[in-house]
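Structure, as structure tokens:
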Amino acid sequence: DGGITQSPKYLFRKEGQNVTLSCEQNLNHDAMYWYRQDPGQGLRLIYYSQIVNDFQKGDIAEGYSVSREKKESFPLTVTSAQKNPTAFYLCASSIPGPGNYGYTFGSGTRLTVV
Amino acid sequence: GQQVMQIPQYQHVQEGEDFTTYCNSSTTLSNIQWYKQRPGGHPVFLIQLVKSGEVKKQKRLTFQFGEAKKNSSLHITATQTTDVGTYFCAGPNAGGTSYGKLTFGQGTILTVHP
């Protein structure tokens, strides 16, 4: 079955550490996205990529970095510069262009800073 | 920047009662999408509306897109406990229709009491 796999499901980080969240899709989608979700808030866009080797900052990119070396993979690194990283991180993919039929989301990674 | 607002933020209903959530955009949208997120889960795409005044139904769910394409609603008839979750609307960023970059509303959290 096609889908998006995020790992790990839960992640604990000490302050000052960088951590990388994995996102892999086998849907052959060109576009991939990272969103952050905090309690009581909607989804806020961190980074997105429309094509391999290209990515753009979203609304809250500070303290995060990404790469898109393969179509299937879009890892997110939460750096020590991110002041409040504890959140639920969601990766998504879609078919770009008119006729977009919605995002497919992964099951998410819950990051906690300890 | 573009804003997508949803009301109410919370809704508690008795099983069998109806439920409606409203979505308003600060800009005209080319389309609007709706997602459902079960507690502890990830958002799942429900539907996309494209045409002005469009109405679509999925069993007990009725989705409407306003004539001005700036607002939308989701109505659930005779709620069931399986309807529990957060319902999000989302619209493409202004000028972002080519690559499906979405702005999400804050979501409406629905609780259904048996």
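Taken together, the values in this text are just the output of simple stated rules run on the coordinates, not laboratory data. Since the model is a prediction, treat every value here as computed from it, not as a measurement. Please note: Cβ atoms are built from the backbone with ideal geometry, for glycine as well, and neighbour counts cover all protein chains shown.
Report the gain in length on full extension from A:ASN18 to A:SER107: 0.36 nm times residue separation, minus Cα-Cα distance, nm rounded to one decimal. If you can, show how the numbers build up before the last one.
Numbers: separation 89, 0.36 × 89 = 32.04 nm, distance 2.15 nm.
Gain on stretching A:ASN18 to A:SER107: 29.9 nm.
Straight-line reach only, C-alpha to C-alpha below 22 angstrom: list the lysines that B:LYS101 could link to, leaving out same-chain residues fewer than 8 apart.
Leaving aside lysines fewer than 8 places away in the same chain, those within reach of B:LYS101 are A:LYS57, A:LYS70, A:LYS71, B:LYS36, B:LYS51, B:LYS69, B:LYS70.
Shape call for chain A from the C-alpha gyration tensor, a ≥ b ≥ c root eigenvalues: rounded (a/c under 1.5), prolate (a/b greater than b/c) or oblate? Each step should come with its number before you reach the end.
On the way: a/c = 1.70, a/b = 1.65, b/c = 1.03.
In terms of gyration-tensor shape, prolate.
Looking at the stretch B:16-114, which trypsin sites (Lys or Arg not before Pro) are in a loop (DSSP not H, G, I, E or B) and have at most 11 other Cβ atoms within 10 Å? All intermediate terms of the calculation are to be shown ahead of the outcome.
Numbers: sites: B:LYS36, B:LYS51, B:LYS56, B:LYS57, B:LYS59, B:ARG60, B:LYS69, B:LYS70, B:LYS101; in loops: B:LYS51, B:LYS59, B:ARG60, B:LYS69, B:LYS70, B:LYS101.
Counting only loop positions with at most 11 other Cβ atoms within 10 Å, the trypsin sites (Lys or Arg not before Pro) in the stretch B:16-114 are B:LYS51, B:LYS59.
Using a Förster distance of 25 Å, how high is the FRET efficiency between B:THR28 and A:SER73, based on the Cβ-Cβ distance and rounded to 0.05? Display every interim value, and only then the final one.
Details: r = 35 Å, r/R0 = 1.41.
My answer for the efficiency is 0.10.
Going through the stretch A:13-114, which GluC sites (Glu not before Pro) have at most 11 other Cβ atoms within 10 Å and a DSSP loop state? Display every interim value, and only then the final one.
Details: sites: A:GLU15, A:GLU24, A:GLU62, A:GLU69, A:GLU72; in loops: A:GLU15, A:GLU62, A:GLU69, A:GLU72.
Taking the stretch A:13-114 and a limit of 11 other Cβ atoms within 10 Å, the loop GluC sites (Glu not before Pro) found are A:GLU15, A:GLU62, A:GLU69.
Cα extents of chain B along the three principal axes, largest first, in whole Å?
If we take the Cα atoms of chain B, the spans are 44, 28, 19 Å.
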